[in-house]
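**Q** Before I ask anything, let me first share the structure, which is written out below as structure tokens.
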Amino acid sequence: MEIMACTPGCEGRSMRDALKFWCGAVLAAALLLPACYGADPVTVSPQTMRRIGSVDERFQSFNIEMVEVTGGRFWAPYKMTETGHPAGSPPAIPGLDPAAFRYRPPVDLANPKLRKLAAALGPAYVRVSGTWANSTYFQDSDQPALSAPPTGFGGVLTRQQWRGVIDFAKATDTRIVTSYAVSEGTRNASGAWTPVEAQKLIEFTKSAGGRLAAVEFFNEPSFASLGGLPKGYDAAAYGRDFKLFLPFARKNLPGTLILGPGSLGESKAIVTGIPILRSEDILKAAGPGLDVFSYHYYGGASKRCNGTQTAGMALLDEWLSGTERDEAFYAALRDRFEPGKPMWLTETGETGCGGNPWASTFIDSFRYLEQLGRLAKKGVQVVAHNTLAASDYGLLDEDTLEPRPDYWSALLWHKLMGRTVLDSGVPASSKMQVYAHCLSGHPGGVALLAANADRQASHDLEVPVASERYQLTAITLLNSNVDLNGVELRMGDQVPELKGRAEPAGVVRIPPGSITFLAIPAAGNRNCR
């Protein structure tokens, strides 16, 4: 079937090349259109942009789910339909088809390709946690892995597997963040949490030469009913347990940050029919003592969990700005219960339950990068994407480890956007969002990120200083490949060096449905020295 006619000059080309040729011609034409094609140019002044904050040097971080480390049933990519082996119990989500899960063997954290790709994003935090971690038993011996977890647990973590996490962190300039088991198997006769499992993991980590940079008590107490907690677990039980955990952690983990509560989904329901344990109630019951106020964010649930989001909503401001709504909700709780403490977003992604089919395409890069830009302006210190390489929201394809568009977006952010956050001067109401940071590694330099989520019109920036353009585009917004300045990004034997294109001072056109970074090393901004 003929999909499209061959435009002049595309004869003899592959279909992809023909599409790229045609789209390139359209893009070139758009770049030549007069400025009135979009809105009037927005002028930016990199030399005088004021400093509005800073972020942790490991601001851009990622998650590796505990179930990836142990092996078990995790969210199945949409291209896969088999239910797999029964090892590892998925969380009980009412009405969810078991085919939503796929068995995956333990991840090979020594894989050279995986390590290269992760190291390219370092320094970062690697959070090893997730719903499955709440019921994971640590087998503190070098015997073969148990064929089934002990009563009261849902999975088994071996010494070898946790040693793999420690070695991975050392090789990739990442620091480990984790949480502890809290299921029935960790509790005494009265139902109170005991630190037996946590103590084993802490002691082995030390003996293996590892270090825990930060810990959360357990994953997502707001959804305790899904996380392996005893039936009827409430705020009072959390308060009792946390008051046992906190002094234990202070004694056994000197220098380790205590994060919490790590809740999710309270400012807007992302799933229905599941009771939510309110953070306000558990914070009242637990009392103060956190070093960092942590929370999780998903704008909704994926199709696997009956979510209603569509790809057509992925560029709407209501979707892209949702991350600010949740930050404001949890910041207000922080101000009441742990005033002055930094905020970390320790788990986030396109949608919960493994992401939608388009989470692995270029369209999600707008959500990913705008989330980083928006939260950096709000003062959030760390944003940990879920996941590095599992299911559809992973930065990497879990089977091939090939980078997805979000990975290339992450790599550009890491290369260009420094720790100091600037005010771009572009109103938030603008049709094109513009974020500004000091340029990484260039004193006085400035980096701009312009995300044009407008599907129809180009928008222009008036930049009075020469720059280097790093422009991300794709043949279609739902394509899994992405181009940098018109050349497709691919992973070879090494992570490729991302190179910009010289851009003279003046009007910089940002085409519809594109993301552009501008590096301005000669900005001369005093706030960036």
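**Q** How high is the relative contact order of the chain, in percent, with contacts defined as C-alpha pairs under 8 Å that are six or more residues apart?
**A** Contact order relative to length: 17 percent.
**Q** Still on this model: ³J(HN,Hα) across the range 48-60 via Karplus (A = 6.51, B = -1.76, C = 1.60, θ = phi - 60°), whole Hz, x for Gly/Pro?
**A** 10, 4, 8, 7, 10, x, 8, 10, 4, 5, 9, 3, 8
**Q** Once label points are set 7 Å from the Cα along Cα→Cβ at both S429 and A522, what is their separation, rounded to one decimal in nm?
**A** 3.6 nm
**Q** Right, here's the next one. Compute the accessible area per residue over the range 398-529, keeping the other protein chains in place, probe 1.4 Å, unit Å².
**A** 39 Å²
**Q** Then there's this: State which entries of K284/K378; K170/K415; K378/K431; K170/K251; K200/K378; K200/K268 exceed 29 angstrom in Cα-Cα distance in the structure shown.
**A** K200/K378; K200/K268
**Q** Within 10 Å, count the other beta carbons around each residue, average over each peptide in 379-386, 42-49, 328-335, and list them highest first.
**A** Result, highest mean Cβ count within 10 Å first: 379-386, 42-49, 328-335.
**Q** Using helices alone, I'd like the mean residue ellipticity at 222 nm for the chain: each DSSP H run of four-plus residues gives -39500 (n - 2.57), total over residue count, nearest 500.
**A** It lands at -7500 deg cm²/dmol.
**Q** Out of the total accessible area of the range 434-529 (probe 1.4 Å, heavy atoms of protein only), what percent is carbon and sulfur?
**A** It is 47 percent, rounded to a whole number.
**Q** Which of the peptides 225-234, 296-305 is most tightly packed, and how do the rest follow, going by the mean number of other Cβ atoms within 10 Å of each residue?
**A** 296-305, 225-234
**Q** Determine ³J(HN,Hα), in whole Hz, for all residues of the range 457-473 in sequence, where each value follows from phi through the Karplus function 6.51 cos²θ - 1.76 cosθ + 1.60 and θ = phi - 60°; x replaces Gly and Pro.
**A** Running phi through 6.51 cos²θ - 1.76 cosθ + 1.60 with θ = phi - 60° gives 10, 6, 9, 10, 10, 9, 10, x, 10, 4, 8, 10, 9, 10, 10, 9, 9 Hz.
**Q** Taking all pairs of distinct Cα atoms, average 1/r, flip it, and tell me the Kirkwood hydrodynamic radius of the range 187-242 in Å to one decimal place.
**A** 13.0 Å
**Q** Okay, moving on. Where in the chain is the longest stretch that carries no GluC sites (Glu not before Pro) classed as loop by DSSP and with at most 15 other Cβ atoms within 10 Å?
**A** 83-496
**Q** Right, here's the next one. Between T308 and L146, what is the spin-label point distance in nm, taking each point 7 Å from the Cα along the Cα→C-beta axis?
**A** Here the answer is 4.3 nm between the modelled labels.
**Q** Follow-up question, since we're still on this one. Which FRET efficiency value, to the nearest 0.05, is calculated for R240 and K378 with the Förster distance at 45 angstrom and r the Cβ-Cβ distance?
**A** 0.85
**Q** In Å³ and rounded to a whole number, note down the convex hull volume per residue for the Cα atoms of the range 300-434.
**A** 120 Å³
**Q** Here is a follow-up. Could you give the nm distance between label points at A189 and Q160, where each point is 7 Å from its Cα heading toward the beta carbon?
**A** According to this spin-label approximation, the distance is 3.9 nm.
**Q** Provide the per residue accessible area, probe 1.4 Å, for the range 129-192, rounded to a whole number of square angstrom.
**A** For the range 129-192, the solvent-accessible area averages 41 Å² per residue.
**Q** Could you tell me what percent of the accessible area of the range 218-339 is made up of carbon and sulfur, with a 1.4 Å probe and every protein chain present?
**A** Of the solvent-accessible surface of the range 218-339, carbon and sulfur hold 56 percent.
**Q** Taking the range 144-223, which trypsin sites (Lys or Arg not before Pro) meet the DSSP loop condition and have no more than 15 other C-beta atoms within 10 Å?
**A** Loop-located and lightly packed - R211.
**Q** I want to make sure I understand the PRE zone here: with the label point 7 angstrom from the Cα of N252 toward its beta carbon, which residues in the range 168-194 have backbone N atoms less than 19 Å away?
**A** It comes to 176-194, nothing else.
The values are calculated or read from the model by the stated rules, or taken from the named source; none is laboratory data. The structure displayed is predicted, hence computed values, not measured ones. Neighbour counts run over all protein chains shown; Cβ positions are idealised from the backbone, glycine included. Heads up: the accessible areas ignore ligands, DNA and RNA and are worked out on the full protein's heavy atoms, side chains in. Shrake-Rupley method; radii C 1.70, N 1.55, O 1.52, S 1.80 Å.
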